[in-house]
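Working notes for the structure below.
The values are calculated or read from the model by the stated rules, or taken from the named source; none is laboratory data. On a predicted model such as this, the values are computed, not experimentally measured, just so you know. In this analysis, Cβ positions are derived from the backbone assuming ideal geometry, glycine residues included, and neighbour counts consider all displayed protein chains. What goes into the accessible areas is simple: the full protein's heavy atoms, side chains included, and nothing from ligands, DNA or RNA. Shrake-Rupley method; radii C 1.70, N 1.55, O 1.52, S 1.80 Å.
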Amino acid sequence: MSLQFFNTLARAVQVFTPLFPDRRDAQGRPAVALYCCGPTVYDFGHIGNFRTFVFSDLVRRHLEFRGFGVNHVMNITDVEDKIIRRVREQNTTLLDFTGRYTEAFFADLDLLNCQRPHHAPRATDFIPQIIALIQQLEQRGIAYRAADGSVYFSIDTYRKCGCKYGQLVNLNLEDQRPTERVASDEYEKDNLADFALWKARVPDDGAVFWPSPWGEGRPGWHIECSAMSMALLGPSFDLHLGGEDLAFPHHEDEIAQSEGAGLQAPGQPFVKYWLHGAHLLVEGKKMAKSLGNFFTVRDLLAKGFSGREIRTLLLSAHYRATFNFTVEGLEGAREQLARIDECLGKLRELAATAPAVVAAPAPDDRSAAFVRIFAEALDNDLNVSEGWAAIFEWIRETNRALATRELSPTQAQAALAAWTLVDRVFGLGNPPATEAPAAIVALAQERVAAKKAKDFARADALRNEVKAAGWIIEDTAAGPKLKPLAAAK
Ligand code: AMP
Ligand code: ZN
């Protein structure tokens, strides 16, 4: 099966082919450009936000697995209505305030093992490009100045130029003429209105303003993404991602601004594939700051969960299906990881007994079939449920083969090579290494000596002493191994 995604623009699953089939990246791979709307850095992100970022990480990882060279851009929205309100309330500066939450965002992204984007532009570093784009719209008659000095996008003029407003969502424009204007960055579908590109400075903005041809002010949220994506990826690119709430108005407005500026080659769209991730819910409602029903990554770490467990939970459902976050769900993710880790641990022990350590082992037939089934599931619009099913079928079969001693050390190496390939896509990584303290290691070594000297009473006493200290000794083919008691249960 070829790689397919559900494209919101087509309202259908479509085969993925790069917009520019002849383009290559520095390593000679077919080049693909991906933009994902990043966080608004006015607070710590909640795990609903991170569901969307883990989803975009999965898209990138799977494209890379399939041999594409992905150029990944994720912006940082560091100037918009909510940020300015908080900067004012906390009597701080924009840079200090947003810097703090940008840093926290990347720390959380790392904890969830998301690959860092190649470019993470901050809107405030792109003011000249934003102004140039608004000027281009103004020259084409699509942007106009209001009495207060703000600049708005004219939906009517845009449509008269032959462009379509309502590409991602169905809008009944005949019944609903856009007569009003909105200054706010967020508005509802039924409030179809010209939206702000440049907002004239008001006293509440404090020190947050820039000079412009229209006087002092600041950009609207939607124009920021159009300017940054086109500056870094060109006027037409392959993939644009975000949470489903961004489809309207944010992404619709991005299309209108970018295509309204007319920078694309004839017949080329601004973006070929639009992918939207469904929301993470809590008791049936969207997890959201405004509803107070959210958990940050930090909240969950404080409850004793790990970034790996959160990532596993966020990858458990198809990206177009909503699902409810629960602590039980996280506990389930923990159990799944324990099953995987236990099996991989046994494979590693067996592989270590191979006469020769192969530098780059390849999957054998059995493990290659596992990789193929897994990858084909992901090709099918990222069908993670089938991907997980392939993983647990492989774990079950591997455990059986380990128990019956059917696997050779070389086969164990091949199985581990297959897992490495699969984990390039899921990015579950390894559990944090738990090393026993030196005193416990010394006791375990003393026990080996006691056993050699056939002093079994002493060996048993040492085993009990180690156990009392919270560690368990497992005798393996590769020698004794120390495991924390909790993990060995
Ligand atoms: P924001 O920081 O509010 O700009 O949001 C960052 C990203 O998180 C956007 O792509 C949103 O669509 C997404 N998002 C917000 N809430 C949720 C949620 N409950 N589930 C999934 N994605 C969300
Ligand atoms: Zn955006």
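Let's see how each residue does on (1) free of Cβ contacts under 8 Å to residues at least 24 places away in the same chain; (2) open to solvent by less than 20 Å² (accessible area, probe 1.4 Å):
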| site | (1), (2) |
| --- | --- |
| G243 | no, yes |
| I255 | no, yes |
| E259 | no, no |
| M287 | no, yes |
| G292 | yes, no |
| R311 | no, yes |
| A333 | no, yes |
| L337 | no, yes |
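In summary, helices (runs of 4 or more DSSP H) completely within the range 390-489 and bearing 1 or more residues that are β-branched (V, I, T) and free of Cβ contacts under 8 Å to residues at least 24 places away in the same chain occur at 409-426. G292 meets all of the listed conditions (1) over 22 Å from the mean Cα position of the chain (by Cα); (2) within 24 Å of N7 (Cα to Cα) but one, namely (2). Filtering the range 207-237 to residues that are within 16 Å of ligand 2 (Cβ to nearest atom) and among the acidic types (D, E) leaves only E224. For F50, are the conditions met, namely being assigned to a helix (DSSP H, G or I) and assigned by TED's automatic domain parsing to the domain that holds Y273? It is true that F50 is assigned to a helix (DSSP H, G or I) and assigned by TED's automatic domain parsing to the domain that holds Y273. When residues in the range 8-47 are screened for being away from ligand 1 (no atom under 16 Å from the Cβ), part of a strand (DSSP E or B) and over 18 Å from V70 (Cα atoms), 3 of them pass.
The residue that is nearest to K82 (Cα to Cα), counting only those in the range 194-208 that are of a type in the set (A, V, I, L, M, F, W, C) and not in a strand (DSSP E or B), is V208.
Number of residues in the range 87-109 that are in a helix (DSSP H, G or I) and either under 23 Å from A302 (Cβ atoms) or in contact with a Lys or Arg (Cβ under 9 Å, 6 or more places away or on another chain) (or both): the value is 12.
Looking at E465, is it open to solvent by 50 Å² or more (accessible area, probe 1.4 Å) and over 43 Å from the mean Cα position of the chain (by Cα)?
yes
When M74 is tested against (1) open to solvent by 10 Å² or more (accessible area, probe 1.4 Å); (2) aliphatic (A, V, I, L, M); (3) without any contact (Cβ under 8 Å) to a residue 60 or more places away in the chain, only condition (1) is not met.
Taking the criterion of being assigned to a loop (DSSP other than H, G, I, E, B) and within 16 Å of ligand 1 (Cβ to nearest atom), the residues of the range 63-80 that qualify are N75, D78, V79, E80.
When the test is whether a residue is closer than 20 Å to A390 by Cβ and of a type outside the set (F, W, Y), E331 does not pass it.
Only residues that are hydrophobic (A, V, I, L, M, F, W, C) and either away from ligand 1 (no atom under 16 Å from the Cβ) or not assigned by TED's automatic domain parsing to the domain that holds C161 (or both) were counted across the range 211-248, and they come to 7. Does H251 count as within 11 Å of ligand 1 (Cβ to nearest atom) and farther than 20 Å from A33 by Cα? It is false that H251 is within 11 Å of ligand 1 (Cβ to nearest atom) and farther than 20 Å from A33 by Cα.
Within the range 66-118, the set of residues being more than 16 Å from ligand 2 (Cβ to nearest atom) and aromatic (F, W, Y) comprises F68, F97, Y101, F106.
Once the range 38-65 is narrowed to residues that are within 13 Å of ligand 2 (Cβ to nearest atom) and hydroxyl-bearing (S, T, Y), the residue that is least open to solvent (accessible area, probe 1.4 Å) is S56.
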